[in-house]
Structure formats: C-alpha cells, structure tokens
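Below is one structure, written out as structure tokens; comments come after it.
The values are calculated or read from the model by the stated rules, or taken from the named source; none is laboratory data. Small disclaimer: the values here were computed from a predicted structure and weren't measured. All Cβ positions, even for glycine, are placed from backbone atoms using ideal geometry, and neighbour counts span all protein chains on display. The area values use the complete protein model at the heavy-atom level, side chains included, leaving out ligands, DNA and RNA. Shrake-Rupley method; radii C 1.70, N 1.55, O 1.52, S 1.80 Å.
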Amino acid sequence: MEPIAHVRSDFSSKFGVPRQAGLVEALRAVVVFEPPYRAPEAFRGMEGFSHLWLIWEFSQNRRQSWSPTVRPPRLGGNRRVGVFATRSPFRPNPIGLSCVRLERVELDGPEGPVLVVSGADLADGTPILDVKPYVPYADCRPEAVGGFAEEAPEGGLTVECPPELLARAPEDRREALLGVLAQDPRPPYQDDPDRVYGFEFAGLEVRFICGDGSLTVVAVEAAAR
C-alpha cells in the first residue's frame, strides 16, 4: 500500500492530539491528495455523506518490533491489556482508523480536490491510506458494548487561559485550542503540578500547568523554527 493523501492539521507532533476522533469537534484538518488521486470524478457523490472513515498510518510510531500487551491511556497508563483490545498506536501494523465529519469538498484550487474535515485526531503530515464513507445503517451499532471504554471520558479539565494569551491564537482556532486543553494533553502517568508542559498548535508553542482538575495556560508564543 502507498499513501493516497496526507493530512494538514494544527499539530506538528503527536503531543496534544486528542486520543480519539470527535472529542474536539472544533478541530479542523484538510486531507490533501497525492497528484495521481486528484481526479474530481473520484469524489463524485461524497457530498451526500456527513461523515467519513479515514484509514491512516501511525507514521510517528513506526517500530521494528511489537508487544502483545500495551498500557492504554484510558486505564491510566499503568494497566496492561492485549494490543488487539485497544486502539494503541503501538501495533504490528501501525494502522489507524478515525471517523470525522465532512465539512466540505473543495474541488477547485491547485491541490484540489481536498477534503475539509472536523474532529480529526491526526498530526500534521499523517499519511492517509484510504477514505470511505460512514454509512449509518451499517456502521452505527447502538447495542454495542465498549469493554473498558464503555463510556466517554468524564468531564474534562477546567481551562484557565488569560484573555491576552488566548488573543495570540488565531481567532478561528481558539475554540479548538481550548477544547484540546480541556482533554488534558498530558501522558496519563504524569501528574506533577509543578511541571510546565507544552506543545505546538497552529504554529504556536502553548505551555501550561495542571493541578486539582484545572489547567492554566502560562504562555502562548510563536513556535521556534
């Protein structure tokens, strides 16, 4: 297999990316296809679907070996379960699957057609192996049982971001940034209230501290290049 497209998103690395698709609907990403796959007729009828499946490669988690057990963040990062019972990126074949909302298909432009999607949990540059429509009658299973991930994560962090720092983010990215922070970007096994964490988002370096169920943004600066 070879990539048919790559993702453009606001995350330069995997740190800060939501752990599942759809957790932060305000996030926008663009799927840009490789030249051989830009034929407009390949997208005919796609506008009739509200959601898509993206099949992609964990390109930032390539490894020469694999482990039969992993420690999923949902279990606090300290309990091992079978790799095939998780969506961990550390797999025999590093393939990911995400359901995203299709905002629009842009047919025109030098790179068109491109897909503008929301709710994506993908770092910038992620290779896309295939795109398929989400079909509600077949893909929606209300009776399904979710194992140790039966319910959505509870609550989320209370985010405190001084207005003057939030103003440094592009206006159309602020809601998404706050949503990402509320999801708690830290690794699940790290809980040091004195540590300053940081990640890149939309060309910015965002630094924050966490404690007592809240997250406080302490700096928003242009990312070093």
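Within the stretch 30-89, take every residue that is open to solvent by less than 80 Å² (accessible area, probe 1.4 Å) and among the charged types (D, E, K, R) and give me the one that is farthest from Phe15 (Cα to Cα).
Arg38
Looking at the stretch 178-207, which of the residues that are surrounded by 13 or more Cβ atoms within 10 Å (Cβ to Cβ) and β-branched (Val, Ile, Thr) is nearest to Pro18 (Cα to Cα)?
Val180
Can you tell me which of (1) farther than 30 Å from Arg38 by Cα; (2) surrounded by 15 or more Cβ atoms within 10 Å (Cβ to Cβ); (3) hydroxyl-bearing (Ser, Thr, Tyr) is the one Tyr134 doesn't meet?
(1)
With the stretch 132-225 as the region, which strands (runs of 3 or more DSSP E) entirely inside it contain at least 3 residues that are out of contact with any Phe, Trp or Tyr (no Cβ under 9 Å at 6 or more places or on another chain)?
Ranges flagged: 214-222.
Would you please name the residue that is surrounded by the fewest Cβ atoms within 10 Å (Cβ to Cβ), looking only at residues in the stretch 208-225 that are out of contact with any Asp or Glu (no Cβ under 8 Å at 6 or more places or on another chain) and charged (D, E, K, R)?
It comes out as Arg225.
So which residues in the stretch 167-177 are open to solvent by 60 Å² or more (accessible area, probe 1.4 Å) and in contact with a strand residue (DSSP E or B) (Cβ under 7 Å, 6 or more places away or on another chain), if there are any at all?
Scanning the stretch 167-177 gives a single hit, Arg168.
Return only the number of the condition from (1) surrounded by 15 or more Cβ atoms within 10 Å (Cβ to Cβ); (2) closer than 23 Å to Pro3 by Cα; (3) modelled with pLDDT under 90 that Leu102 does not satisfy.
If we test Leu102 against (1) surrounded by 15 or more Cβ atoms within 10 Å (Cβ to Cβ); (2) closer than 23 Å to Pro3 by Cα; (3) modelled with pLDDT under 90, just (3) comes out false.
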